[in-house]
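See below for the structure under consideration.
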Amino acid sequence: KIEYEYLLREIVADPEANSEQLETAYGKNCLCPGNAGEKVYDFSVGTPDFVPEKASMEALLEAAHDPAKFKYAIADIPELTEAVIGWYKRRYGVDLEADEITSVNGSQEGLAHIGLTLFNPDDVCLVPAPCYPIFEIGPFLSGAHIEYYHLKEENNYELDLDSIPEDIAYKAKAILVSYPANPVSAAVRPEFYPKLIAWAKKYNVIVIHDNAYSEMTFDGYEGTSFLAFEGAKEVGVEFNSLSKAYNLTGARISFCIGNKQIISEFKKLRSQIDYGVFLPVQYAAVAALNSPMDNIIKNREEYRRRREVLSKEFGEAGWPVKLSTGSMFMWTRIPEKYKSSNDFVMDLMEKTGVIVTPGSAFGEDGEGYARLALTHSVEEIKEAAKAIKESGIFSK
């Protein structure tokens with residue numbers, strides 16, 4: 001499966017790319033914006049454009065001046081574990097113990113490796129469709145057999161547990177769930193989680209919940225933790241990231257939290273493949289987790305503004321974009337005249353300079369859709385909409 005968002009960035013990042021290189025990557029007649037000086041609007045990759053907490057940057061710099069902080073980390077520093085415990089209590093009302101927490105080098109790394117702890121060859125893992133690629137690639141690399149449950153637009157992309165065939169449910173070793181969801185940009189109501197936990201207990205299935213976007217919910221949806229509901233620790237674990245909430249994407253620090261036995265076995269595995277998160281990054285994370293949540297609230301409001309402006313402005317330019325209820329993305333249908341989401345994305349890029357991710361990058365169920373990251377200011381969103389309107393791409 002091609003990761004279009006990375007390929008597109010490579011092209012845009014290389015204005016010297018010649019026509020032969022472009023034709024090899026994208027076929028003939030590909031006129032890449034940027035090569036002739038046109039402005040590019042990259043809505044493809046979910047890297048926040050907000051700055052990290054000042055206290056976090058200062059803590060990292062201070063730690064980096066200490067030569068001792070460049071040694072193997074081996075384990076999480078006690079201050080980090082205490083900061084996670086305190087944050088989960090304040091934010092979600094969840095009580096945690098130290099042996100229910102381990103850091104990982106970003107949720108993507110954690111999701112790539114946790115399957116090595118859980119799966120024997122041909123164990124069944126249930127994965128959403130469409131989904132962020134690591135959700136299926138991680139279990140696949142662990143030798144698991146992938147079964148898909150399908151997220152439907154008419155159901156606001158909420159997992160319908162009754163739609164999973166009972167014979168598959170009984171075979172399943174684990175189920176990967178993520179809300180607010182990437183790429184479909186949907187949140188769920190809190191009452192979803194008790195149903196998920198009850199289902200997992202009934203069929204003896206481990207729940208792996210990715211909670212990277214809990215601080216980005218809109219229209220009355222409230223971000224929460226899977227672990228905030230009774231029985232969650234009995235059936236699973238949750239990944240929670242500082243990448244999006246605290247704008248630390250490049251620092252690569254997240255946490256796997258929940259069931260003690262799973263965490264213990266995961267730590268054993270990780271001790272053989274890793275020496276821990278770089279110590280200055282751990283201190284930066286401590287400062288972030290112990291800081292007030294003012295910036296999180298401010299950034300959420302800005303994401304809300306951007307999604308509303310993007311939906312309005314792009315709609316007026318000829319491309320209706322559905323409002324999201326969660327995450328830093330928007331997920332919407334492509335115009336009917338296009339045979340594939342890849343065709344649409346390439347045409348949009350060539351004619352307007354606007355880059356989005358084709359839904360097909362997230363599996364077959366994503367075909368016919370596109371994902372847009374809310375990583376541009378309101379002013380730039382309006383500029384991009386103007387470029388789309390002036391191109392006439394939707395008027396023909």
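Readers should treat all values here as calculations from the given coordinates under stated rules, not as data from a laboratory. Quantities reported herein were computed from a predicted structural model and do not represent experimental measurements. Cβ coordinates were reconstructed from backbone atoms using ideal geometry, including for glycine residues, and neighbour counts include every protein chain displayed.
At 7 Å along Cα-to-Cβ for each site, give me the label-to-label distance between Leu323 and Asn156 in nm.
So the label points at Leu323 and Asn156 sit 1.2 nm apart.
In sequence order, what are the phi-derived ³J(HN,Hα) couplings for segment 386-395 according to the Karplus relation 6.51 cos²θ - 1.76 cosθ + 1.60 with θ = phi - 60°, rounded to whole Hz, with x for glycine and proline?
After applying 6.51 cos²θ - 1.76 cosθ + 1.60, I find 5, 4, 5, 5, 5, 5, x, 4, 9, 9 Hz.
Can you find, among Ala387, Gly353, Tyr369, the residue farthest towards the positive end of the dipole of segment 330-396? Put +1 on the C-beta of Lys and Arg, -1 on that of Asp and Glu.
Ala387
Which of the peptides 145-151, 328-334, 162-168 is most tightly packed, and how do the rest follow, going by the mean number of other Cβ atoms within 10 Å of each residue?
Per-residue Cβ counts within 10 Å, averaged per peptide and sorted highest first, yield 328-334, 145-151, 162-168.
Contact order normalised by length for segment 173-277, with contacts defined as Cα pairs under 8 Å and 6 or more residues apart; what percent is it?
Relative contact order, segment 173-277: 23 percent.
Between rounded, prolate and oblate, where does segment 268-357 land on the alpha carbon gyration tensor, with a ≥ b ≥ c its root eigenvalues, rounded for a/c under 1.5, else prolate if a/b exceeds b/c? Don't skip to the answer; put the middle values down first.
On the way: a/c = 3.42, a/b = 1.74, b/c = 1.97.
Oblate, since a/c reaches 1.5 and b/c is not below a/b.
Based solely on C-alpha atoms, express the radius of gyration and the Dmax of segment 145-274 in angstrom.
15.1, 44
Can you tell me which of 85-97, 379-391 comes out highest on packing, and rank the rest after it, using the mean Cβ neighbours within 10 Å?
Descending packing order for the listed peptides: 379-391, 85-97.
State whether segment 314-396 is rounded, prolate or oblate according to the following rule on the C-alpha gyration tensor (a ≥ b ≥ c being the square roots of its eigenvalues): a/c under 1.5 gives rounded; otherwise a/b larger than b/c gives prolate, and the remaining case gives oblate.
Working: a/c = 1.73, a/b = 1.11, b/c = 1.55.
Oblate, since a/c reaches 1.5 and b/c is not below a/b.
Once Lys and Arg get +1 and Asp and Glu get -1 on their Cβ, which of Ala174, Ala187, Tyr157 lies farthest toward the positive end of the dipole of segment 150-193?
Ala174
Note down the magnitude of the dipole of the chain about its Cα centre, charges +1 on Lys and Arg C-beta and -1 on Asp and Glu C-beta and zero elsewhere, to the nearest 20 debye.
In debye, rounded to 20, the chain gives about 360.
Gain in length, Glu230 to Glu350, computed as 0.36 nm per residue apart minus the alpha-carbon separation, to one decimal in nm?
The span from Glu230 to Glu350 would gain 38.1 nm if fully extended.
For an R0 of 45 angstrom, estimate the FRET efficiency from the Cβ-Cβ distance between Ser340 and Lys260 and round to the nearest 0.05.
0.45
Could you tell me how many degrees, from 0 to 90 and to the nearest 10, lie between the Cα long axis of helix 294-316 and the main elongation axis, the longest principal axis, of the Cα atoms of the chain?
Between helix and principal axis, roughly 30 degrees.
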